[in-house]
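What follows is one structure encoded as structure tokens, with my remarks underneath.
The values are calculated or read from the model by the stated rules, or taken from the named source; none is laboratory data. These numbers were taken from a predicted model, which means no experiment stands behind them. Methodologically, a virtual Cβ is constructed for each residue, glycine included, from the backbone with ideal geometry; neighbour enumeration extends over all protein chains shown. Calculation scope for accessible area: heavy atoms of the full protein, side chains included, ligands and nucleic acids excluded. Shrake-Rupley method; radii C 1.70, N 1.55, O 1.52, S 1.80 Å.
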Amino acid sequence: MTRKSNKGSPTLPVGGGRPASLNYPIRPRFINYSLISSRLRHRARLPYIRPQPGTGHTITNTPLQPIRLAPHRIAPTNCTLHRSGAHGRQFAQRKTKLVRTTRRASVGAVRGGGEGVSESIMPGAGAGYSGSVKLKYVKLGYQYLVNHFLTLLLVPVMAATALELARMGPGELLSLWRSLQLDLVHILCSAFLVVFVGTVYFMSRPRPVYLVDYSCYKPPPSCRVPFATFMEHTRLITDDEKSVRFQTRILERSGLGEETCLPPANHYIPPNPSMEASRAEAQLVIFSAIDDLVRRTGLKPKDIDILVVNCSLFSPTPSLSAMIINKYKLRSNIRSFNLSGMGCSAGLISLDLARDMLQVHPNSNALVVSTEIITPNFYWGTRRDMMLPNCLFRMGAAAILLSNRRREARRAKYRLMHVVRTHKGADDRAYRCVYEEEDEQGHSGISLSKELMAIAGDALKSNITTIGPLVLPMSEQLLFFFRLVGRKLINKKWKPYIPDFKLAFEHFCIHAGGRAVIDELQKNLDLSAQHVEASRMTLHRFGNTSSSSLWYELAYIEAKGRMRRGDRVWQIGFGSGFKCNSAVWKCLRTVKTPANGPWDDCIHRYPVDIPEVVKL
């Protein structure tokens, strides 16, 4: 009668003996040699410790696997060492000492942020670790000192004043008051001055602008264009094999996924870019977004005082704003605006216009609609710089409700803090880097210059130079100022100091114009993968939806449950002209995960790994 041993070992008698022909050691005990969890091992940068050959230990050939262990527990391991007798006890003692040392190293590495381990495990690492910890705390102390300088200065003064008043008796306080020799006229004049200054301050202070809610259009599954479908249509439309291969390479490196959508007119072979089809797409995406916003907020048509619509490439007559007024029967005295030709950054321009209107008209609501109509902008030619929009742009829209009414602050999600606009149109290169024109065959389209990323970087530098003093803590502003002065007076070769915008914002919504745009901003702003996760996932799921992409990114952050009260959001948009615009929002309440939104059916699958190249 036999039984099977674990890990596929030979059969052993139940009684505990072994066949004489089997020269295989019995396992009297198991010694766990990989007691560090995979997480601790990664944080401490510890390699796997394998038994050395030639020590008399029998080593199994099963590869080591990381094992998660609870504290003070020993789990079975795939690497077992077999000893018995006195040698086994000595080896167990050595093992216990090694495990204790390893545990101390692991705990030290975790507490220190994974920057180093104990010198007993990694000799020479202690000095670097100690230096990095000291530098970290010096920087934190500097930031705290500078950012709270006034508080640290006033607290001792107030404490000393309070102690002095407490030391004085009632008689001394009364004599001090009488010594001021204040009569009724002086008191009334002082009170009038305080009231006047307070009135001027509150009257001149800008009205707060609240974002009550917003809605993003979610295309139906029937509009989805997988890569295979897109390339099949491309081959049927054009006979130029070079153009097909070029668009294939663009798609492989674009960062787009298989669920992006194109309007119904682009599903025809050939596409049908007619005026009727373009109006049909506009009505589909705009009315769907507004209907969803009305359901969310209970908004009534008569409550809308200001209407701003932006669509860059489709500008019919009557305008899209007139189309909305006709559909929802808005008031006759509504202040409506229709913006066109302003590129992917037009969404933030619409916000700026609505904010200015809300400053002039009190107790008002503003409806902002951002979209891009894809139908009339399909490019039929073979110029490579004009084929990029065919591969990247997809359908989408967003409707945003802004208000300056005080009662809306209770249910509003965000408050608009700053809008900063930068325009580089005076430079000829910047003006023509995104340009609508006709090719040699007369096909119209949008050409994208090879200098686009360099021009976008220059525009971003100008924009952050303006927005930095508005949002950065004083510690970062002083470092930037000192480095600037040092470059001017001491050494011009010093690199300019890049402020740490992660100290000013918790969330970043970067225009999902393409993988190269996101990569460049992540590098220039020194952002982590999580900071640009919303932008990359929006590009993967919805593609480049132009000016509305920033709202799909904000919806992603909310769908992940990451938006907390007090969080600050930085929206960055780029557009033709060339423009770089920024908007800063402050979250007024912890936002619950929306029940109905563009991400409700797929947020559980994100984030996903996006390879550098997807072979088609």
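Sorted largest first by accessible area at a 1.4 angstrom probe radius, with every protein chain in place, the residues Leu150, Leu173, Leu307 fall in the order Leu150, Leu173, Leu307.
A simple spin-label model places pseudo-atoms 7 Å from Cα toward Cβ; at Leu176 and Lys492 they are separated by 5.9 nm. Grouping the Cα pair distances of region 555-616 into 5 Å bins from zero gives a pair-distance distribution of 4, 14, 16, 14, 18, 18, 11, 4, 1, 0 percent in increasing distance order. Say R0 is 56 Å: what FRET efficiency, to the nearest 0.05, do Arg245 and Thr590 get from their beta-carbon distance? Efficiency, rounded to the nearest 0.05: 0.70. Shape call for region 378-520 from the C-alpha gyration tensor, a ≥ b ≥ c root eigenvalues: rounded (a/c under 1.5), prolate (a/b greater than b/c) or oblate? Judged from the Cα gyration tensor, region 378-520 comes out oblate (a/c at least 1.5, b/c at or above a/b). Here the simple spin-label model places points 7 Å from the Cα toward Cβ, and for Leu503 and Leu188 these points are separated by 5.2 nm.
Positive contributions from Lys and Arg (+1) and negative ones from Asp and Glu (-1), summed over other residues with Cβ under 13 Å from the Cβ of Glu437, come out at -3. With the highest mean first, a sort of the peptides 198-205, 481-488 on other beta-carbon atoms found within 10 angstrom per residue produces 481-488, 198-205. Projected onto their three principal axes, the Cα atoms of region 211-605 cover extents of 60, 56, 42 Å, largest first. For a modelled paramagnetic label at Lys615, 7 Å from Cα along Cα-to-Cβ, the residues of region 246-276 in reach, with backbone nitrogen under 17 Å, are 248-254. Of all DSSP-defined beta bridges confined to region 211-605, some 70% are antiparallel rather than parallel. Here each label is just a point 7 Å from Cα along the line to Cβ, and for Asp291 and Thr229 those points are 2.1 nm apart.
Rounded to 0.05, the FRET efficiency of the Glu252 and Asp439 pair, given R0 = 35 Å and the Cβ-Cβ distance, is 0.90. Simple point charges give the picture: +1 on the Cβ of Lys and Arg, -1 on the Cβ of Asp and Glu, and for region 211-605 a dipole about the Cα centre of about 1840 debye. Our estimate of slack between Leu484 and Ser204, defined as 0.36 nm per intervening residue step minus the Cα-Cα distance, is 97.4 nm. Here's how it looks for His418: its modeled amide H is under 5 Å from those of Val584, which are all 5 or more places away or on a different chain. Each Lys or Arg adds one and each Asp or Glu takes one away; over the other residues whose Cβ falls under 13 Å from the Cβ of Gly257, this sums to +2. Surface composition of region 540-607: carbon and sulfur atoms hold 47% of the protein heavy-atom accessible area at a 1.4 Å probe. Measuring against 25 Å, Cα to Cα, the residue pairs Lys218/Lys413; Lys461/Lys493; Lys302/Lys413; Lys461/Lys523; Lys461/Lys615 contain Lys461/Lys615 as the ones spanning a longer distance. Calculated accessible area for region 211-605 comes out at 43 Å² per residue, all protein chains present (probe 1.4 Å; ligands, DNA, RNA ignored). Computed on region 211-605, with alpha-carbon pairs under 8 angstrom and 6+ residues apart, the relative contact order is 22 percent.
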